[in-house]
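Q: Please find one structure pasted underneath; my questions will follow.
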Amino acid sequence: MAGQPIPVIIDCDTGVDDALALLFAVRHPGLELRAVTCVAGNTDVDGVVRNTLTVLERAGAGDVPVARGAERPLIEAARSARHVHGTDGMGDLGLPAPVRRPADVDAVTLLRREILRSPRPVTLVPTAPLTNIALLLRIHPEVTRNIERIVFMGGAVATGNATPVAEFNVWHDPEAAAVLLTAGVPITMYGLDVFQRVVVPGQEVRRLRASAEPGARLAGELLAHRPAAPGSDADDDAAGGLGDAGAVCAVADPGGLTTRLLPVEVSLAPGPGRGQTVVDRRPRPGEAEIHGGAREGAMVDVALDVDVARYVELYLETVAGGRAQAN
Ligand code: BDR
Ligand code: CA
């Protein structure tokens, strides 16, 4: 319905860029953050819960319910990304421990409750390994009747990061990602192809870090911990990627993203391809289909291009009231 905020639930592994995503979701007037659920990924699940509560308190959103979810993937062992996100999983910024506690229900229970309670269908935004979401879909499949769509950060059309072909969130729990893709609701894949491109210029990161407003300053500190990917067109060393926050921008402003409905399949076989999102961009069936096999992949709206300036602008406007004035 026009004019009403979009009900959103974020499932995350906070995580420097998950924190950037939470700050944006809390502050965007077109989004209503109903709950946040936590899963093991960038760090262990208790660290994720702590980081998530800290960010929400710093952002002035201490009343959003937060729940602890899966402490390891369905089949794999947990494999953290602390080498990227620091020993505390959120940049080792020395932030105080949160005052409040997580909800007294687990993440799957909170997801079910908040999805079914929402007066309008919810947009689910997973920015982490998909373990909680797979469990939700298997334990409570009825939730799909009140899910508008799922916009997830994960996968890659071209190059991976955890392996040459696999992106971290999908690689961490490939079976869970395969369950997500067959959820039977519209799905948008905000993969590495666009994720790595949305970079905030160094001048803006410096300005945020100097801000007197705690949420904006935290965004600056977090961005400073996210150097742009090698080869990106970032302006200097201080520039920082929005990462997961870009997926939430895509919910608030879908017009900034170019997507195409394409078949996507997660590679589950052991070996170098495990965790790859195989995106079929061929214009017509190939030999594999001609000689008997049907196309296997679920149909997913795959992000192929992003308006970088538009999302940077949107982020700065939302979290810090706009860009620095040229002087
Ligand atoms: C994804 O992996 C995590 O490290 C980030 O938070 C992001 O969700 C990128 O591959
Ligand atoms: Ca993440």
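Any read-out appearing in this document is the output of simple, stated calculations on the displayed coordinates, not a laboratory observation. As the structure is a prediction and not an experimental result, all values here were calculated from the model. Quick reminder, even Gly has a Cβ in these numbers, built from the backbone with ideal geometry, and neighbours come from all protein chains shown.
Q: Name the residue, out of Ala19, Ala78, Ala25, that is hydrophobic (A, V, I, L, M, F, W, C), within 14 Å of ligand 1 (Cβ to nearest atom) and under 16 Å from the mean Cα position of the chain (by Cα). It would help to see each step written out before you state the result.
A: Numbers: Ala78 fails: under 16 Å from the mean Cα position of the chain (by Cα); Ala25 fails: within 14 Å of ligand 1 (Cβ to nearest atom).
Among Ala19, Ala78, Ala25, only Ala19 is hydrophobic (A, V, I, L, M, F, W, C), within 14 Å of ligand 1 (Cβ to nearest atom) and under 16 Å from the mean Cα position of the chain (by Cα).
Q: Follow-up question, since we're still on this one. Of everything in segment 35-69, what is more than 14 Å from ligand 2 (Cβ to nearest atom), part of a loop (DSSP other than H, G, I, E, B) and within 16 Å of Val105 (Cα to Cα)? Give them in sequence order.
A: Matches in segment 35-69: Asp63, Val64, Pro65.
Q: Here is a follow-up. Name the residue that is surrounded by the fewest Cβ atoms within 10 Å (Cβ to Cβ), counting only residues in segment 161-213 that are small (Gly, Ala, Ser) and part of a helix (DSSP H, G or I).
A: Of the residues in segment 161-213, the ones small (Gly, Ala, Ser) are 162, 166, 176-178, 183-184, 191, 202, 210-212.
Keeping just the survivors that are part of a helix (DSSP H, G or I) gives 176-178, 202.
Values: Ala176: 27, Ala177: 30, Ala178: 20, Gly202: 18.
That would be Gly202.
Q: Considering only residues that are surrounded by fewer than 14 Cβ atoms within 10 Å (Cβ to Cβ), hydrophobic (A, V, I, L, M, F, W, C) and under 19 Å from Glu175 (Cα atoms), which ones fall in segment 263-298?
A: Residue satisfying the conditions is Ala269 alone.
Q: Within segment 145-159, identify whether any single residue is closer than 22 Å to Leu74 by Cβ and of a type in the set (S, T, N, Q), and answer yes or no.
A: Taking every residue of segment 145-159 in turn, none turns out to be closer than 22 Å to Leu74 by Cβ and of a type in the set (S, T, N, Q).
Q: Of all residues in segment 142-190, which are over 17 Å from Val251 (Cβ atoms), among the polar types (S, T, N, Q) and more than 16 Å from ligand 2 (Cβ to nearest atom)?
A: Thr144, Thr159, Thr163, Thr182, listed by residue number.
Q: Additional query: Looking at segment 57-78, which of the residues that are small (Gly, Ala, Ser) and surrounded by 17 or more Cβ atoms within 10 Å (Cβ to Cβ) is nearest to Pro214 (Cα to Cα)? Even if it seems obvious, please write down each step before you answer.
A: As a first pass, look at segment 57-78 and keep what is small (Gly, Ala, Ser): 59-62, 67, 69-70, 77-78.
Filter again for surrounded by 17 or more Cβ atoms within 10 Å (Cβ to Cβ), leaving 59, 61, 67, 69-70, 78.
Details: Ala59: 7, Ala61: 12, Ala67: 24, Gly69: 28, Ala70: 30, Ala78: 32 Å.
Step by step, filter segment 57-78, then rank; the result is Ala59.
Q: Which of the residues spanning segment 236-252 are assigned to a loop (DSSP other than H, G, I, E, B) and either within 16 Å of ligand 1 (Cβ to nearest atom) or surrounded by fewer than 18 Cβ atoms within 10 Å (Cβ to Cβ) (or both)?
A: Taking segment 236-252 and keeping what is assigned to a loop (DSSP other than H, G, I, E, B), we get 236-239, 242-244.
Correct list: Asp236, Asp237, Leu242, Gly243, Asp244.
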